[in-house]
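**Student:** Mind looking over this structure? Questions follow.
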């Protein structure tokens, strides 16, 4: 069942548990907190923040105990990947439930929860879309793994959790991925010196206030760096999971009906199937980019600010659908512009590959398995110039069916 996200507050805050001692890692955490450990020359927690920023998260609360001063020095009141961070100190270990109580005054009415030492690669906005916030306190993301070995909180039929999918046998276990969404009043169901998994989830389950959703680990990769074997494996894991194929979407004609120089929300008409195809790629581990020529800026019809405002509105609309665009790239070039700065960036304009180079510099893209979806010959030439696969969409094509057919069968 789909719930109306318009009734929910905006999901913009994440609470990250950073307080653990990391004793299972032995000497590795003698001088460092687990989330601060560097993997491929970057702190693990920065991988989390960058990934969460893709889903519209703009504020993070770090709940800290061990090595709090390090967190404070590196992150407090600073911004990374567009996310403003506040570090909250626990004088003593309170457990994850107690840590939430300690941070109560900073919590928004609805927020995302993440462990600081786990990374789960899935579409968080899909979880939010499915959250029935009118009747439930929270929703947890689960995955199914083999070889349980008592490392994780296990969920099974006896848990009484709702909305579990798939059959669990003796060799497969449902685990909590460390990612969940809660309303602020969860603190009314928590007690100090206890964990969410060990206490609060049980309380909420008995009261039928907790949802759960299963995401297959085959697509949505999961790692917990809490033991040495997985900590050393994390270098390969993160390189692998962050290198994704991408879908480059033309805007006018693909995402929306091309009525000529569209730059206001009131004139933006979604093309049939556009939201659905964007969510398809979100759910299937692709980066999603928009690449659009916007000569209307250079022509003086509208400003770059208006373009950005419209694109922010587009992502807000997609968020209600459980979807998102990772980044919008636009070329404001017009060779006869009255403003000199808009006559200089011709390389950005399709079929030139300036926007592709911008994307490649910021994101780790699996080029071989990436696509351009457009409705003009210039889009297909852009694809060829960028060594990407092109999918030409005609006006009467079923956008969703055609793109999915090509991608799933790779018919070239």
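**Student:** Do you know which of the residues in the range 175-191 that are part of a helix (DSSP H, G or I) and either in contact (Cβ under 8 Å) with a residue 60 or more places away in the chain or surrounded by 24 or more Cβ atoms within 10 Å (Cβ to Cβ) (or both) is farthest from the chain's Cα centre (by Cα)?
**Tutor:** We begin by selecting, within the range 175-191, every residue part of a helix (DSSP H, G or I); these are 184-189.
Now drop any that are not either in contact (Cβ under 8 Å) with a residue 60 or more places away in the chain or surrounded by 24 or more Cβ atoms within 10 Å (Cβ to Cβ) (or both), which leaves 184, 186-187.
Numbers: 184: 21, 186: 23, 187: 25 Å.
Looking at the filtered set, the residue picked out is 187.
**Student:** Something else now. In this structure, does residue 76 turn out to be more than 18 Å from residue 20 (Cβ to Cβ) and over 22 Å from the mean Cα position of the chain (by Cα)?
**Tutor:** yes
**Student:** Ok, one more. How many of the residues in the range 38-48 are more than 13 Å from residue 14 (Cβ to Cβ) and touching a strand residue (DSSP E or B) at 6+ places or on another chain (Cβ under 7 Å)?
**Tutor:** Number of matching residues: 2.
**Student:** Determine whether the range 152-165 contains at least one residue that is surrounded by 17 or more Cβ atoms within 10 Å (Cβ to Cβ), at pLDDT below 95, out of contact with any strand residue (DSSP E or B) (no Cβ under 8 Å at 6 or more places or on another chain) and not in a helix (DSSP H, G or I).
**Tutor:** No, the range 152-165 contains no residue that is surrounded by 17 or more Cβ atoms within 10 Å (Cβ to Cβ), at pLDDT below 95, out of contact with any strand residue (DSSP E or B) (no Cβ under 8 Å at 6 or more places or on another chain) and not in a helix (DSSP H, G or I).
Here is a yes/no grid of residues against (1) assigned by TED's automatic domain parsing to the domain that holds residue 144; (2) out of contact with any strand residue (DSSP E or B) (no Cβ under 7 Å at 6 or more places or on another chain); (3) surrounded by fewer than 20 Cβ atoms within 10 Å (Cβ to Cβ):
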| position | (1), (2), (3) |
| --- | --- |
| 195 | yes, yes, yes |
| 201 | yes, no, no |
| 206 | yes, yes, yes |
| 212 | yes, no, no |
| 217 | yes, no, yes |
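**Student:** Given the options 175, 181, 168, 191, name the one that is at pLDDT 95 or above and either over 21 Å from residue 14 (Cα atoms) or assigned by TED's automatic domain parsing to the domain that holds residue 17 (or both). Give the steps one after another, and end with the answer.
**Tutor:** Numbers: 175 fails: at pLDDT 95 or above; 168 fails: at pLDDT 95 or above; 191 fails: at pLDDT 95 or above.
On inspection, the qualifying residue turns out to be 181.
**Student:** Looking at the structure I just gave you, is residue 257 modelled with pLDDT of 95 or more, over 23 Å from the mean Cα position of the chain (by Cα) and farther than 14 Å from residue 294 by Cα?
**Tutor:** yes
**Student:** Mind counting the residues in the range 308-329 that are in contact with a strand residue (DSSP E or B) (Cβ under 7 Å, 6 or more places away or on another chain) and farther than 20 Å from residue 275 by Cβ?
**Tutor:** Selection size over the range 308-329: 0.
**Student:** What about residue 288, is it outside any loop (DSSP other than H, G, I, E, B) and farther than 28 Å from residue 369 by Cβ?
**Tutor:** On the way: outside any loop (DSSP other than H, G, I, E, B): yes; farther than 28 Å from residue 369 by Cβ: no.
Considered against the rule, which asks whether it is outside any loop (DSSP other than H, G, I, E, B) and farther than 28 Å from residue 369 by Cβ, residue 288 comes out as no.
**Student:** If you scan the range 44-54, which residues turn out to be in contact with a helix residue (DSSP H, G or I) (Cβ under 7 Å, 6 or more places away or on another chain) and surrounded by fewer than 20 Cβ atoms within 10 Å (Cβ to Cβ)?
**Tutor:** Within the range 44-54, 47 is the sole residue that qualifies.
**Student:** Does any residue of the range 208-223 turn out to be farther than 29 Å from residue 366 by Cα and part of a loop (DSSP other than H, G, I, E, B)?
**Tutor:** Looking through the range 208-223, at least one residue is farther than 29 Å from residue 366 by Cα and part of a loop (DSSP other than H, G, I, E, B).
**Student:** Mind listing whichever residues of the range 20-50 are more than 22 Å from residue 96 (Cα to Cα), in a helix (DSSP H, G or I) and under 21 Å from the mean Cα position of the chain (by Cα)?
**Tutor:** Within the range 20-50, 50 is the sole residue that qualifies.
**Student:** State yes or no: is residue 51 within 25 Å of residue 237 (Cα to Cα) and either in contact (Cβ under 8 Å) with a residue 24 or more places away in the chain or out of contact with any strand residue (DSSP E or B) (no Cβ under 6 Å at 6 or more places or on another chain) (or both)?
**Tutor:** yes
**Student:** How many residues are without any contact (Cβ under 8 Å) to a residue 12 or more places away in the chain and closer than 30 Å to residue 300 by Cβ if we restrict to the range 235-261?
**Tutor:** 2
The values are calculated or read from the model by the stated rules, or taken from the named source; none is laboratory data. Keep in mind it's a predicted model, so treat the numbers as computed, not measured. Note that we place each Cβ from the backbone using ideal geometry, even for glycine, and neighbour counts take in every protein chain shown.
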